[in-house]
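Everything on this sheet refers to the single structure shown next.
The values are calculated or read from the model by the stated rules, or taken from the named source; none is laboratory data. This is a predicted model, so every value here is computed, not measured. Here the Cβ is made from the backbone with ideal geometry for all residues, glycine too, and neighbour counts use every protein chain on show. Note: areas computed on protein heavy atoms with side chains; ligands, DNA, RNA excluded. Shrake-Rupley method; radii C 1.70, N 1.55, O 1.52, S 1.80 Å.
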Amino acid sequence: KPILSKKPSDPATPSSMDTATARMFAQELEQLRIEADPAWNREKPSGRLNMKRAMNADLNDINKLFDRWEIGNDNHEIEAVLLLDHSGSLYSQIQAVCRSAWIIKRALEQIDGRVTVLAFNHVSKILYTADEKADIDYKSVYTSGGTDPQYALLETERSMLASDKPTKIVILLTDGGFYSRSDEIIERLNEQGCLTCVVYLGNPDYDYNQNYAHKAQVFRAIAEPSDLVVVAKDLVRQRLIAYR
């Protein structure tokens, strides 16, 4: 069971663009479920053509260009944890952060993912449990304090180690540096097979510090929640590289 307490929040209404972004995010991440699905036997001489493999094939790979579905194994689900920064420095961005968390959670739930959302500043709390759904409203929180995701990351590590889902995703929504040695936990999550991502809330054209990636496998700056579709593409690309 989680050791963190629940974070109070207020309901707020997402925009029509937020809803559309959630739908597009889900469409992109559906590829993760397909690629991770153990019911697909890969590199077969017949079946569904794997376009990426075909584009990079040589003459000796002709009998390995297809993937074939085998009925009987449906463990292709996703376990995800979102970490939402609501420290004082995000005062002007906090609604975008909260909307982004709602978009990602709603998108993953559309493809049957389990998604926990943890909120952190100088303390860490639970904003959404995995069993709560991202309904028609999103949860809005206030900004205050510093930036220390250590305990949220430790809770993330605990839940990921306990999960039997084949695809595990950890996404941090933040605007910069951390006080604690949280990078070490993110490195451990990488070693444990999690797909880690830091989404930097700010101006993508700004020369932001690469240290803000915090050892995550995917690092992307966005200006608006609608830009999250690019993050979904990054996640799929990173995982496909790992599958090769």
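Things worth noting here:
- For the stretch 188-201, 3J(HN,Hα) per residue [Karplus equation, 6.51 cos²θ - 1.76 cosθ + 1.60, θ = phi - 60°, Hz, x = Gly/Pro]: 5, 4, 4, 5, 7, x, 7, 8, 9, 8, 10, 9, 8, 8
- Estimated distance in nm for a label pair at LYS133 and ASP183, the labels positioned 7 Å out from Cα along Cα-to-Cβ: 4.1 nm
- Between amide H atoms placed 1.01 Å from N, distances below 5 Å from LEU172 occur with LEU83, CYS197, VAL198, VAL199, all of them 5 or more places distant or on a separate chain.
- Shape of the stretch 114-160 from the C-alpha gyration tensor: oblate (a/c of 1.5 or more and a/b not above b/c, with a ≥ b ≥ c the square roots of its eigenvalues).
- Carbon and sulfur %, accessible surface of the stretch 153-240 computed with the full protein complex present, 1.4 Å: 42 percent
- For the stretch 14-22, 3J(HN,Hα) computed residue by residue from phi via the Karplus equation (6.51, -1.76, 1.60; θ = phi - 60°) reads x, 7, 5, 5, 4, 5, 5, 5, 4 Hz, glycine and proline entered as x.
- 3J(HN,Hα) couplings calculated from phi for the stretch 230-235 with the Karplus curve 6.51 cos²θ - 1.76 cosθ + 1.60 (θ = phi - 60°) are, in sequence order, 5, 4, 4, 4, 4, 5 Hz; Gly and Pro show x.
- Subtracting the Cα-Cα distance of LYS165 and ALA223 from 0.36 nm times their residue separation leaves 17.7 nm of extension gain.
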